[in-house]
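*Asks:* Input: one structure, supplied below.
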Amino acid sequence: MTDANDTLPSHRLEVPIEEAVAWRRQLHQNPELSFREYRTSDMIEDLLNQWDIPTYRLTPTSVIGVIEGTAGDPSTGRVIGYRADIDALPIQEETGLPYASRTPGVMHACGHDVHTAMLLGTAKVLSGMRDQLHGKVLCIFQHAEEMLPGGARELVDKGAADDLDEVYAFHVAPHPVGHVGICAGRVTTMSGIVSIAIRGRGGHSSNPQLSIDPVLIASEVTLMLNTIVSRDVDPKHMNIVNVGSLHSGEAGNVIPDTANLEVSIRSVDEADWEIVCQRIEAVVNGVCQAHGAQATFDWQIPYPMVVNADIAVNRAWHAATKAVGKSKVFAADPWAPSDDFSYFSREAPGCYMFLGTGGPEAGNPFFLHNSKFKIVERAMVSGMRTEIQIALDALNPSKSQPPERPVASPIMPAAGTVPPRPRNAGLGTPKSHAGQARASSSESAGETSPTPEAATAPDNSNQPQAPREDA
């Protein structure tokens, strides 16, 4: 049954939910950390080859599959891409699931197993619909989203986005199961990591007056850093400074020489970003100077903000409405996590979407990057159907351009009201999309097992190491 306001021709889009669940569980049991996704990428490549999808690798642990349509001259067709991140996190899983991670200290706690399984399902379906596609679909299985400088930047530098006309990605989110969230304009924060080493003077704990205690200094620094957001930048803006790691010493009766901190910074405003970074150095240097210590800083290149392009937002909105029903598509708010999908969406018009995989109301109270994080698997039906419909619409040989604005969409109330693309000082200059696609010759609960009803009508040897970035 569907809502009276739903449009649901997607009963024609049969998706391999049982297989997707099996793939997802295999990935979940065998997680691999960033830049080490060897078994994962081999599994992906083997499946794509089974469906006669040519593959190539730009890095040792990423895979790109190419589905070439036969509905028209390939040289005149468009190219759309889907990105699925494939890496896991250095977290000891505590879900108690029968298919929990078999790798100690490594877990798929950010849904990348879901993203990968969905794109595999999408690829399998589209491989059998080549005669309905005028152009190409690139299925980009990306390594190392969780660790700066990020796998996306490496792939883009190697040419993965050179031919893209549009690019799309999903991320799981604690929204109602099977619902699709789409946000116009900015979707994520920009984020980066700074590693701080504080050098004092070690010694015996019985004579602290002869030492310069870096643990005490690092503790004071941690407290002071938390005043930056509340005192140095506009509190109405989204800025986050978080000390996620503090390590020092080996024994309780020894004052160590050094203490090391890993600090995450997030912002949606580049002027704020500069202020926050300057204040971090000022605070750390000031506290160290007061105690006679010294500090060094290692700044990682930050992930830019993901900013959705109008044309891709429109495409995704219409496709999702057809794929899952109007009542299950909603205008999403931006969120604080970051994602290196931004490197792809700076090269071609992109849309970063949210897939509702259940929150507290579905028995899943834990957010991403938690050792007890779970998802409701039947949500993957909506993700696969939406991805398939986007491809069918974008590569339709008779019409490849979406309507100028979403019909009755709350996220695009009027032309010109979508938030502008933010400045990107120091991060390179993105291509200007201006809501236009490149020209072409075309006009232009814990986990639940799938059920037949869910499949046809969805409801509402790695060693852990600290990640340099979290999605």
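The values are calculated or read from the model by the stated rules, or taken from the named source; none is laboratory data. Quick caveat: nothing in here was measured; it's all calculated off a predicted structure. Cβ coordinates were reconstructed from backbone atoms using ideal geometry, including for glycine residues, and neighbour counts include every protein chain displayed.
Conditions (1) out of contact with any His (no Cβ under 8 Å at 6 or more places or on another chain); (2) among the acidic types (D, E), marked per residue:
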| position | (1), (2) |
| --- | --- |
| L58 | yes, no |
| G69 | no, no |
| V79 | yes, no |
| E94 | yes, yes |
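*Asks:* Still on this structure, I have one more. How many of the residues in the range 295-322 are outside any helix (DSSP H, G or I) and of a type in the set (A, V, I, L, M, F, W, C)?
*Replies:* So the answer is 8.
*Asks:* Could you tell me whether the range 183-201 includes any residue that is assigned to a loop (DSSP other than H, G, I, E, B) and more than 30 Å from N364 (Cβ to Cβ)?
*Replies:* yes
*Asks:* Take K374 and tell me if it is touching an Asp or Glu at 6+ places or on another chain (Cβ under 7 Å) and within 20 Å of A20 (Cα to Cα).
*Replies:* For K374, the condition - touching an Asp or Glu at 6+ places or on another chain (Cβ under 7 Å) and within 20 Å of A20 (Cα to Cα) - is met.
*Asks:* Same structure again: Return the residues of the range 126-136 that are out of contact with any Leu (no Cβ under 6 Å at 6 or more places or on another chain) and either buried (at least 23 other Cβ atoms within 10 Å of the Cβ) or under 15 Å from Y168 (Cβ atoms) (or both); say none if nothing qualifies.
*Replies:* L126, K136 - these are the residues of the range 126-136 that are out of contact with any Leu (no Cβ under 6 Å at 6 or more places or on another chain) and either buried (at least 23 other Cβ atoms within 10 Å of the Cβ) or under 15 Å from Y168 (Cβ atoms) (or both).
*Asks:* Please name all residue pairs, on different chains or six or more residues apart, with Cβ atoms under 7 Å, provided the first residue is in the range 121-140 and is assigned to a strand (DSSP E or B) and the second residue is among the hydroxyl-bearing types (S, T, Y) and surrounded by 23 or more Cβ atoms within 10 Å (Cβ to Cβ).
*Replies:* C139/Y82; I140/Y82
*Asks:* When you go through A218, A169 one by one, which is the residue that is at pLDDT 95 or above, crowded, with 23+ Cβ neighbours inside 10 Å and over 22 Å from G252 (Cα atoms)?
*Replies:* None of the other options fit; the residue is A169.
*Asks:* If you don't mind, there's one more thing I want to ask. Restricting the search to the range 323-359, which residues are part of a helix (DSSP H, G or I), surrounded by fewer than 21 Cβ atoms within 10 Å (Cβ to Cβ) and out of contact with any Asp or Glu (no Cβ under 7 Å at 6 or more places or on another chain)?
*Replies:* The answer is none; no residue qualifies.
*Asks:* Another question, if that's okay. In the range 221-241, which residues are in a strand (DSSP E or B) and surrounded by fewer than 16 Cβ atoms within 10 Å (Cβ to Cβ)?
*Replies:* Correct list: I240 only.
*Asks:* May I ask you to list pairs of residues, at least six apart or on different chains, whose Cβ atoms are under 6 Å apart, with the first in the range 318-333 being assigned by TED's automatic domain parsing to the domain that holds A173 and the second being among the aliphatic types (A, V, I, L, M) and surrounded by fewer than 24 Cβ atoms within 10 Å (Cβ to Cβ)?
*Replies:* Final answer for the pair search is G325/L8; A331/I411.
*Asks:* Further question on the same structure: Checking the structure you have, find out if any residue of the range 247-261 is buried (at least 19 other Cβ atoms within 10 Å of the Cβ) and among the small types (G, A, S).
*Replies:* Checking the range 247-261: at least one residue is buried (at least 19 other Cβ atoms within 10 Å of the Cβ) and among the small types (G, A, S).
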